[in-house]
Structure formats: C-alpha cells, structure tokens
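Q: Have a look at this one before I ask anything.
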Amino acid sequence: HREPHVHRIGELCGVARRRGGSEAPRVMHYRNLLAFAHDIAAAAAAWLIAYWLRFNMEIPEYYFGAMLKILLLAVPLQAAVFWGFGLYRGIWRYASLPDLQRILLAVGLAAVIIATAVSMMQLQYLVPRSVLVLDPLLLVLAMGGSRFAYRAWREHQLYGAMHLRGEPTLVLGAGDAAVSLIKEVSRSEEWRVVGLLDDDPAKLGRLLNGVRVLGRLDEVARWAEQLRVKHAIVALPSAAARIRRRTVEAATRTGLNVLTVPSFDDLLSGKVTVSQVRRVELDDLLGRDPVELDSAGLHGLLGGKVVMISGAGGSIGSELCRQISRFRPQRLIFFELNEFSLYRLEQEFRKDFPAIEIVCTIGDVKNAARVAQLIREHRPSVLFHAAAYKHVPLMETDNAWEAVLNNALGSYSIAATAAAAGVEKFVLISTDKAVNPTNVMGASKRLSEIICQSLQKSGGMQIVMVRFGNVLGSAGSVVPKFREQIARGGPLTVTHPDITRYFMLIPEAAQLVLQAGLMGKGGEIFVLDMGEPVKIVDLARDLIRLSGFTEDDIKIVFTGLRAGEKLYEELLADDEHTLPTPHPKLRIAQAKPAAPEHLEDILAWLRQPDPASDEEVRRRLRDWLPEYTDGPAAATGARAAANSLASITRF
C-alpha cells in the first residue's frame, strides 16, 4: 500500500533535484510555455467554435471578418488573465477541484472584460450575445477537460494494471471514507477492492468509483466465499460503536484478515488519512462511542491556568496531561515518583507539545513537606490527583500498609495542602473497586474518598471524586499481559471463566475525568458510564483472534481467583443511589456521608511510626468501612448484589 506513495515521493524528489540544478529553469519554462500555448490555442478555438455554433455551422461573410478581427483582441486579453491567475504553477497530473475553480474564475473574468471592452470601444462589428455566452463555456470545457484527461491518462499509465495484481478485498461501509479508500487502494499493488457492503438500502447495487455495493454488512461471509476474499477493510469511522464492533466480529468470524481505517476524530484532526489503514485492535471491539466535551467550559477551567497532576507518569495521569494540553494551560506541573515515567513524559511533551510550559517534579504524595513546597511555589488553580497504588494482588499481601499509606494518607496530604494553599478545584481519581471493597486496594481508595469528603468545606476548595473501572491497555492491566503471553506462544492465563470487568479506553476515561472536574461543585462522587461488563475470557479470545491465531494455537488456562479478587465489579455500593447530570456518560453517586470524627482517628492511625501488619490493616479498615469484606467468601461473592444493582448501574 505504500509503493504508490513511494513512487510519488520519488517523482517529486526528482522534480526538486531538477529545480536545484541548472536544468530546472529550462524544463519548467518549457512546461509552462507548453501549457500556456495550449490555453491560447483553446481560447482561439473556443471563439471560432462559438461563432460556428451560433450560425448553425454557416458563418455569414460579414460576421466571418468580424470574428477574426475581434479574435485578435479577445485572445490576448484572455491570455493575460490566465497568466495573472497563476494557471501555470501547477502540474497537470495532479489537476484537482481547486484547479478547476481557478479556471472558472479566470475564464469568467476574461469573459466580462471582453464583453465590457467590446461595448466600451463601440466597435463597428457586431458581436452576437450568444457568442459571448458560448465562448467561456467552451473554453472551460477545453481547459479543464484537457487537464483532467491528462491526469486520467497518466494515472492509468502508472496504476492501470495494479488493480489486476492486488489481493481481492471487501470494503465494509459505503460512505465518504470508503470512496476515499477505493481511490487510494486503486494505486496499490497490495489490495484490489472487489465489492462494498453497507446497510443503507438506497446504496445497494450502486457503483462507487467503479466498485459495486453488493449487499448488507451481515452478508460478509457469503460474499467472502463467493468472491474468494481473504481481506476486509472496515471503513465506518463515523458509525456508532456497536455497528463497528458487530461488523468487525462478523468479518473475523469468517476468517478474514480485518483492517480498519482511522477513527473519525483522527481523520478530522488531520493526523492521519483514510489510506493509513491498520489492524483492528481491542479498542475497536470495545464499542465505545466518542465523548462529547464541554470545550468552552473546559477552556474556562483550564485555559491560561496552572494545572498540577500527581501520578503524571501513569496511564491515566499521562493521558490527563495530554488532554489538558488541548485547552492551553499556562503551565503544567508533572508530579511523579517514578523517575523513568517522568522522563518519558517530559520527552514526549518537549517533542509533541513544545508550546506548553511544563515543570517536571519528582516526589512522593506522602511527603507533606515536598507537596507543600511544590504547591506554594507553583500555585496551581486545578489539581488532578491520579497517584495511587492500584494493583490488587500486590497490595493485598505484604504491602497492605503501604497501600493504605499511599492511597489514603497521600490523598489527605495533597488535598489538605491544596485546600490550605487556595487551590480552586481538586479532582481525585478513584476506582470501582472502592464499591463494596473486598481487597485492601479498593478499601484504601474508599478511605481516600471519605477523607476527601471530610475535607470539603463550604466556600472552600471544590473537591470532586471520579470512579471508573479498568482502562484498556493501562500499565499492569490484563491486555499487556495477554500480549506478552501470545508473543511467547501462550498459554493465556485467566483467573476464572466467569470473571468480568468494566473496561473503557484511556483517552475516554481522561476526557470524562475532565468533564466531571468541570461539572463538580464540591463533595460529589461521579460515576462514569462504563458500558456493559466484559468477560475476561472473551477479551482473551478476541485478542487471540486479532493476533491471527486460534484457540488451538494459543490455549487459555484458568488459574483461580487471586487474593482480594472478586468475580464482578460494581459501580455503586448497596446504600448508594445516583443522580443524573447533563452529561449522558456521568452520574453522581450519593454516597453515605463520612463521619467527621472518623477523620482524626484515621489520620492518627496512618501517622503511627511503626508499620501495621496486613491483618491489622484489614481489621482497622473493617472498623471504618462496614461495607468492606475480605477473605475467600468475598472473592466469589457480590454477584447477587451486582444483579440487584443492574437497574441503576445501567445509565
């Protein structure tokens, strides 16, 4: 698919080299003169043919003489206008709609000038009005037609035989993206489009760029077999996510090698073109619709402001930094404990966002003195707290105390310092594992929510909490692990056949965090619409299939639930309910209010000099969080609770 573009680049480089050498002026001058001479000849021919048509192919002797004499006036005027409009700066092989527009303008202006000149000079020769109308029409046809005919001939010379050599391919979709794709693929030796499929009945049987719309999207298996197709390209960038997922699944079940065009947002941004097809990823199968952001509101919240992000080097933290940069903050403060993660983020922003002022700071959120120093020095207006320990099994055994210190005490340290320093808004990134927690990690995040709720004061810093589930492809998540296992030849390890999780894309999660931060007025816990829960085993099967294997090639092995792990995640606790918001993907969880007296007890315990044992951590968490349960029963429970909450967790 790259070869035609390589050919083009080589040709253009050749032109550049000729321009740089002594040969360039002669070659370019010759081509310009040839094009100019063509248009002068076309102008003269159009003038003569206009008279010929006007008098039904028999020009009277009187008008014949007048025609020739006025021709000597009209053609030089037209030639001057054509040159002035820059009609000879382009290359005919790349003639396009803008070239035709320039021709129309130039010919139209020349026609007006000629008519005005004939009228003002009061020549003794009468010029029929129909000639003044026919002449520009004929001239546009001659000049535009010759350019596009030359382009068609050149492209046939370069690409005419390629469509016979490529692999037969179906394009799924028959919209604008498909039309552009067919045009690009026609110049490729890799693929040959043999048909289109689309659900719009009005398009059935129609031809798009010479390719017929054969049937509906769900008929892909039939047409793949009939046409002996092994490849399919999904060209539905603006379709609903469920339609794209259904289409991809139907094509992959057929055994086709499925590719897709870039997303609609990427196409609009200009970062990619339709021709840059890629393999289908899990992101495409997740079936998430684009997030609608209040851009004006976010510009008001973030534009021209100093914004600080803790945990800036992590999956969510780094994506928050990227999303925030779109709204032109005055300065971004990256706060991160991991040196290498911070270095990578710094390099990325120096390269991709050079206009954004960044400050890269290393430190621990539990270090109150370091946090206070940074906030006093940089005076952020908005602070996003994404730093946390999130890996459930690691935090469950041998690291329970560190999990609570980092997630709970760290949240207090940064939130209390921010409130005292006059930060306007503080956004805590929480998790669905804080709902009816069965592990230390989830309980520590629920504890951080309670601490932040207790710090919310009327008229003070607005503290907003945002809960969401797993993000696809984040560090430490199941997808990178599956990819590594596939690269080793398998097997893929899944803890339980029925284990399910909510998934969303990292950019979507970051965008909704920003939207929640904008909408929050203080004290709310926002819950993101995570869509439908996904079975991890289905995710594993999708990834195997997308990697070009079958379950006979890569086995799936069930290893049993790990410490602190439960089968089903919940987004709301038993004693909570939600309120709608103006945004369809955000709701507010009405959580049980935190008891203010608990805050001092919690902080006193967290500040004790000696580390607590895992068992003591669990015991104290049970004291403050009645909904927290641990042990084997908790790991396999919660299904009934999840079912009872289904009506309120489906937004």
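Q: Quickly rank 423-429, 226-232, 437-443, 246-252 as a protection proxy: mean count of other C-beta atoms within 10 Å, highest first.
A: Taking the mean over residues of other Cβ atoms within 10 Å, the ranking is 437-443, 423-429, 246-252, 226-232.
Q: Could you state the orientation-averaged shadow area of the convex hull built on the Cα atoms of the stretch 201-264, in nm² to one decimal?
A: For the stretch 201-264, averaging the hull's shadow over all directions gives 4.6 nm².
Q: Another one. What are the ³J(HN,Hα) values, in whole Hz, obtained from phi via the Karplus relation 6.51 cos²θ - 1.76 cosθ + 1.60 with θ = phi - 60°, for each residue of the stretch 391-398 in sequence order, with x given for Gly and Pro?
A: For the stretch 391-398, the Karplus curve yields 7, 4, x, 5, 7, 7, 10, 6 Hz.
Q: What residues qualify as long-range amide H neighbours of LEU259, i.e. H under 5 Å apart, gap of 5 or more or another chain, H built at 1.01 Å from N?
A: Long-range HN contacts for LEU259: ALA232, ILE233, VAL234.
Q: Can you tell me the order of 170-182, 320-332 when each peptide is scored by its average per-residue count of other Cβ atoms within 10 angstrom, highest first?
A: So the peptides 170-182, 320-332, ranked by packing, come out 170-182, 320-332.
Q: What FRET efficiency would be calculated for the residue pair GLN608, PHE340, taking the C-beta separation as r and a Förster radius of 35 Å, to the nearest 0.05?
A: According to the calculation, E is roughly 0.65.
Q: Here's something else I'd like to know. For SER130 and LYS535, calculate 0.36 nm times their separation in residues minus their Cα-Cα distance, and state this gained length in nm to one decimal.
A: 138.4 nm
Q: Let me have the relative contact order for the stretch 346-468, percent, based on Cα pairs under 8 Å that are six or more residues apart.
A: 27
Q: May I pose another question? Taking amide H positions as placed 1.01 Å from N in the peptide plane, with prolines and chain starts having none, which residues 5 or more places from PHE468, or on another chain, fall under 5 Å of its amide H?
A: Hits under the 5 Å cutoff: SER430, THR431, ASP432.
Q: I've got another one for you. Identify all lysines with a Cα-Cα distance to LYS425 below 16 Å; exclude those on the same chain that are fewer than 8 residues away in sequence.
A: Qualifying lysines at Cα under 16 Å: LYS305, LYS457, LYS521.
Q: A follow-up question, please. To check my understanding: the extent here is largest minus smallest coordinate of the Cα atoms along each principal axis. What are those three numbers for the stretch 378-534, in Å, largest first?
A: Result for the stretch 378-534: principal-axis Cα extents of 57, 33, 31 Å.
Q: In addition: Convert each backbone phi in the stretch 349-360 into a coupling constant with the Karplus relation 6.51 cos²θ - 1.76 cosθ + 1.60 (shift: θ = phi - 60°), then list the ³J(HN,Hα) values in order as whole Hz, x for Gly and Pro.
A: So the Karplus estimates, Gly and Pro as x, are 6, 4, 7, 8, 10, x, 7, 8, 6, 10, 10, 9 Hz.
Q: Right, something else. Please compute the modelled spin-label separation between ASP352 and GLN101, points set 7 Å along Cα→Cβ, answer in nm with one decimal.
A: 3.2
Q: Let me ask another. What does the highest-first list of 599-608, 401-410, 76-85, 53-62 look like by mean Cβ count within 10 Å?
A: The most tightly packed comes first, giving 401-410, 76-85, 599-608, 53-62.
Q: Related question: Please give the length that would be gained between ARG253 and LEU561 if that part of the chain were fully extended, namely 0.36 nm times their separation in residues minus their C-alpha to C-alpha distance (nm, one decimal).
A: 107.9 nm
Q: Using amide H atoms built in the peptide plane, which far-off residues or other-chain residues are under 5 Å from THR493 H to H?
A: VAL557
Q: Need one number: nm distance between label points at TYR62 and PHE36, each 7 Å from Cα along Cα→Cβ, rounded to one decimal.
A: 3.9
Q: Per 0.36 nm of contour for each residue apart, how much would the distance between ARG279 and GLU225 grow if the chain were fully extended, relative to their Cα-Cα spacing? Don't skip to the end; give the middle numbers.
A: On the way: separation 54, 0.36 × 54 = 19.44 nm, distance 2.14 nm.
In short, 17.3 nm is gained.
Q: Classify the stretch 389-457 as rounded, prolate or oblate, taking a ≥ b ≥ c as the square roots of the eigenvalues of its Cα gyration tensor: rounded when a/c is under 1.5, otherwise prolate if a/b is larger than b/c and oblate if not.
A: It comes out prolate by the Cα gyration axes.
Q: Moving to a separate point now. Label-point separation (nm) for ALA420 and ARG376, each offset 7 Å from Cα along Cα-to-Cβ?
A: Going by the 7 Å Cα→Cβ label model, 0.9 nm.
Q: May I ask which of LYS535/LYS592; LYS433/LYS555; LYS433/LYS566; LYS445/LYS566; LYS481/LYS555 have a Cα-Cα span longer than 20 Å here?
A: LYS535/LYS592; LYS433/LYS555
Readers should treat all values here as calculations from the given coordinates under stated rules, not as data from a laboratory. Not measured: the values here are computed from a predicted model. Every residue, glycine among them, receives a Cβ derived from its backbone with ideal geometry; neighbour counts consider all protein chains shown.
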